[in-house]
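Down below is the structure, laid out as structure tokens.
The values are calculated or read from the model by the stated rules, or taken from the named source; none is laboratory data. None of these values were measured; they are calculated from a predicted model. When we count neighbours, we look across all protein chains shown, and the Cβ atoms used for this are built from the backbone with ideal geometry, even at glycine. Heads up: the accessible areas ignore ligands, DNA and RNA and are worked out on the full protein's heavy atoms, side chains in. Shrake-Rupley method; radii C 1.70, N 1.55, O 1.52, S 1.80 Å.
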Amino acid sequence: MNLRSTHLAIIIFVFIFGGIALTSATGYWQTTNTKIPATYKDGEFAGQADPADIRGSYTFGDISNSFDIPLEDLGQAFGVDPERYVTFQCKELESIYASLEEGKEVGTASVRYFVALYKGLPFNLTESIYLPELAVDILKEKASLSEAEILSLEEIAVSLPASDNSLDSSLPEQLEHENVENTSTDTHETTSANTIKGITTFQELLNWGVLKEDIEKILNDKMPNPQKNIKDYAAEKGIEFSGLKESMQELVDTVKS
Amino acid sequence: MSQPVIQQNSVPILKTVKIRKPKTRLYVQLFFFFLVALITLNKALSEIGLSIPYISNGSLHAICPFGGVASLYKFAAVGTFVQKIHESSFVLMVIAFLLAILFGPVICSWVCPFGTFQEWLAKIGRKLFGKRFNHFIPTKVDSVLRYLRYVVLFLVLYLTFTTTKLIFQDVDPYFALFQFWSDEVALSAFIILGVTILLSLVIDRPWCKYACPYGAVLGIFNLFRIFKIRRAPSNCTDCKLCDRSCPMNIPVSSGNAVLNHQCISCLSCTSENSCPMSDAVEFTTKGGK
């Protein structure tokens, strides 16, 4: 059989578009991700969603649905703006955590590892994976981890670079506001910089030198996740924010003086 | 109506042939180039809530059959694909393999938009360098470099298997060309694209010849494909036009069938295109007519 250009062109079109039509009809043709991770094929966890199949395009909402992890835990672990918990895509982490020191990266692999540890699912570590300190704190609090696992987690914990506090979209405005105040007078700088506001987190209190034990004395309870806003904590516990703020501010002022 | 007669070196001319080359392949290339461009544009538009009707908004990876090849190991091991690869890549990989078993790497010469892009640059190169175009590299060096793409293939597959990431994206000039606006393109990919553009002005399809891992895979099918470029010595005047027309510098006239792993089945050498003799160089099955 002898083929000419026209024949070959027709055959190419038939093969390509025929193949696409055929697989579309059978439902196999997918150009986008279904956002449902593959499941373990065998073993104790057969049938459960496999964190290793989490893709960069998955949102925290997708992951929360597939793995039954509270959105709040996911969002807080990676320092995401609460308003974006549902729509935040894993791949966005890499650019957000870009200023980590060389060789350290927080990205989709970190989310996979976090989910595996959180749910106690098997996970094959093929590369060095780092987790934000907040994620490690949440795992310590909520996952069933051995002492050895906790120790190894502490080794891979990375703190959020200062500039990356902007993960919370409300923070840039606060920082900008503080910067404006900082440039006005030195005296004013010290008072306004360490002033508790609605969005001040427990981590900030710790950063200002307040001891965890002192905070817990005021709360009369264990300190929650450090990334939690004091105002949110007050709302959750049914405590009046203004009263709590006043007590905490006294602690801050004591440290300053 | 009398046919024009071409005489060369007093070799008796048996039959003479056509006047103009068919442009079928060019039209097919244009179709796929703009289809891929539209799909990538649509993907970008979909991220801001817009879309082009009737055009897929899949990613470039989703419509690249090499993604399927890079995912083969993971798919066999755990039934999933490497990052960014979807079922569509797998389907296209199978289609490309079926086409390659029958016709060789027609995907490279008729479909691949990056091959088309290099061919367009080659037209400029031919104008700049005339007959020297595509003949700058000494044959001995060139013949060794032709196996470089198998090294690239091995590295890409090995690194993809071990990391389960689409490592190739960071060095893929095709991705850089069609996603140049995206922050997903690594600097290394832009550099390789730049080098390929420059080389395309002196060499025909330099990426395909020396570095394309997918071309390397499809090239293997040339050894056993069903339709081959076959030369009928009895009809050949040994004018070497087939050799000169081959973008991959394959000496078509030196054998009875082209088994070279670099052949891309573009049909440039055939009697339909370059060969002045009808029935001298054809794309046929064995003994086929």
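List of remarks:
- Were the residues from residue B:278 through residue B:47 laid out at 0.36 nm apart, the gain over their Cα-Cα distance would be 77.9 nm.
- Shape call, the range A:51-164: gyration tensor on alpha carbons, a/c limit 1.5: rounded
- Shielding score for A:5-18, defined as the mean number of other chain Cβ atoms within 10 Å: 6
- For the range B:45-189, fraction of C-alpha pairs farther apart than 20 Å, in %: 61
- Pairs exceeding a 29 Å alpha-carbon distance, out of B:240/B:286; A:119/A:197; B:131/B:228; A:41/B:84; A:104/A:197: A:119/A:197; A:104/A:197.
- Applying the Kirkwood pairwise sum to the alpha-carbon positions of the range B:98-255 produces a hydrodynamic radius of 17.1 angstrom.
- Angle in degrees between helix B:87-103 and the longest Cα principal axis of chain B, rounded to the nearest 10: 10
- Report note on the peptides B:84-94, B:154-164: ranked by the mean count of other C-beta atoms within 10 Å, highest first, their order is B:84-94, B:154-164.
- Per residue, the convex hull spanned by the alpha carbons of chain B comes to 158 Å³.
- Here chain B is assigned +1 on the Cβ of each Lys and Arg and -1 on the Cβ of each Asp and Glu. Its dipole about the Cα centre then comes out at about 1020 debye.
- Value of relative contact order over chain B, rounded to a whole percent, pairs C-alpha under 8 Å and six or more apart: 21
- In this entry, the range B:192-286 is assigned a mean projected area of 6.2 nm², taken as a quarter of its C-alpha convex hull surface.
- Sites residue A:45 and residue B:150 - FRET efficiency at Förster radius 35 Å, r taken between beta-carbons, to 0.05: 0.35
- Straight Cα distances below 19 angstrom link residue B:140 to the aspartates and glutamates B:204, B:243, with same-chain residues fewer than 8 positions distant left out.
- Note on the range A:1-74 and the range B:63-94: Cα centroid distance 9 Å, given to the nearest whole angstrom.
- Most to least accessible of B:120, A:208, B:207, B:181 (protein chains only, probe 1.4 Å): B:181, B:120, A:208, B:207
- For the range A:1-124, the fraction of C-alpha pairs more than 27 angstrom apart is 39%.
- Phi-based couplings in Hz for the range A:235-241 (Karplus 6.51, -1.76, 1.60; Gly and Pro marked x): 5, 4, 8, x, 9, 6, 4
- Other protein chain Cβ atoms within 10 Å, averaged over every residue that makes up B:81-87: 5
- Pairwise centroid distance, computed over Cα atoms, of the range A:231-255 with the range B:125-183, Å: 62
- Cα pair count fraction exceeding 42 Å, expressed as % - the protein assembly as shown: 39
- Dipole of the range A:51-164, positive end: most advanced residue of A:126, A:54, A:96 [Cβ charges, Cα centre]: A:54
- Projecting label points 7 angstrom from Cα along Cα→Cβ for residue A:254 and residue A:28 puts them 7.0 nm apart.
- Dipole magnitude (debye, nearest 20) for the protein assembly as shown, charges at Cβ of Lys, Arg, Asp, Glu: 5880
- Equivalent ellipsoid of the range B:25-69: semi-axes from √(5λ) of the C-alpha gyration tensor, largest first, are 20, 15, 6 Å.
- Taken across both chains, chains B and A shield about 3200 Å² of accessible surface from a 1.4 Å probe.
- Accessible carbon and sulfur surface of the range A:51-164 relative to its total accessible area, %, 1.4 Å: 46
- For residue B:281, the amide hydrogen comes within under 5 Å of the amide hydrogens of B:232, B:271, counting only partners 5 or more places away or on other chains and with H modelled in the peptide plane.
- Here the Karplus relation 6.51 cos²θ - 1.76 cosθ + 1.60, evaluated at θ = phi - 60°, turns the backbone of the range B:238-244 into coupling constants of 6, 7, 6, 4, 5, 4, 5 Hz, with x for every Gly and Pro.
- Under the Karplus curve 6.51 cos²θ - 1.76 cosθ + 1.60, θ = phi - 60°, whole-Hz ³J(HN,Hα) for the range B:144-151, x wherever Gly or Pro sits: 6, 4, 4, 8, 4, 5, 6, 5
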